[in-house]
Amino acid sequence: MPLGETEWNLASALEGERQAAAEAYPEMARTARGEGFPAIASWLETLALSRSAHQARFSQAVNAAKDIER
């Protein structure tokens, strides 16, 4: 697979992780907490942190791909 495609795939994955960490999991956690499920809300918040870590790794990979391309 050419580097351009790889870079695009990594950037797409990065955006997916950003959306999950910043929007999807926090919203699910708010809903769970509001419905009286604090343990599930806590678990979802932990998943959001995990997705943030994935986001950081994908960001590093995108930057590395850009460096290789130069």
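Listed here are the residues, each with its yes/no results for (1) in contact with a Leu (Cβ under 6 Å, 6 or more places away or on another chain); (2) among the hydroxyl-bearing types (Ser, Thr, Tyr).
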| residue | (1), (2) |
| --- | --- |
| 17 | no, no |
| 20 | no, no |
| 25 | yes, yes |
| 31 | no, yes |
| 41 | no, no |
| 45 | no, no |
| 58 | yes, no |
| 62 | yes, no |
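Among the residues of the range 19-47, those that are within 21 Å of residue 9 (Cα to Cα) and not acidic (Asp, Glu) comprise 19, 20, 21, 22, 24.
Could you list all residues from the range 4-22 that are within 17 Å of residue 59 (Cβ to Cβ) and open to solvent by 80 Å² or more (accessible area, probe 1.4 Å)?
Filtering the range 4-22 for residues within 17 Å of residue 59 (Cβ to Cβ) gives 6-22.
Result: 8, 15.
Could you go through the range 26-40 and let me know if any residue there is within 10 Å of the chain's Cα centre (by Cα) and open to solvent by less than 60 Å² (accessible area, probe 1.4 Å). Scanning the range 26-40 turns up no residue that is within 10 Å of the chain's Cα centre (by Cα) and open to solvent by less than 60 Å² (accessible area, probe 1.4 Å). Quick check: is even one residue across the range 56-68 open to solvent by 80 Å² or more (accessible area, probe 1.4 Å) and modelled with pLDDT of 90 or more? For the range 56-68, residues open to solvent by 80 Å² or more (accessible area, probe 1.4 Å) and modelled with pLDDT of 90 or more: absent. Scanning the range 1-60 for residues that are charged (D, E, K, R) and touching an Asp or Glu at 6+ places or on another chain (Cβ under 8 Å) yields a count of 2.
The values are calculated or read from the model by the stated rules, or taken from the named source; none is laboratory data. Note that this is a predicted model, so its numbers are computed, not measured. All Cβ positions, glycine included, derive from the backbone under ideal geometry; neighbour counts span all protein chains shown. The area values use the complete protein model at the heavy-atom level, side chains included, leaving out ligands, DNA and RNA. Shrake-Rupley method; radii C 1.70, N 1.55, O 1.52, S 1.80 Å.
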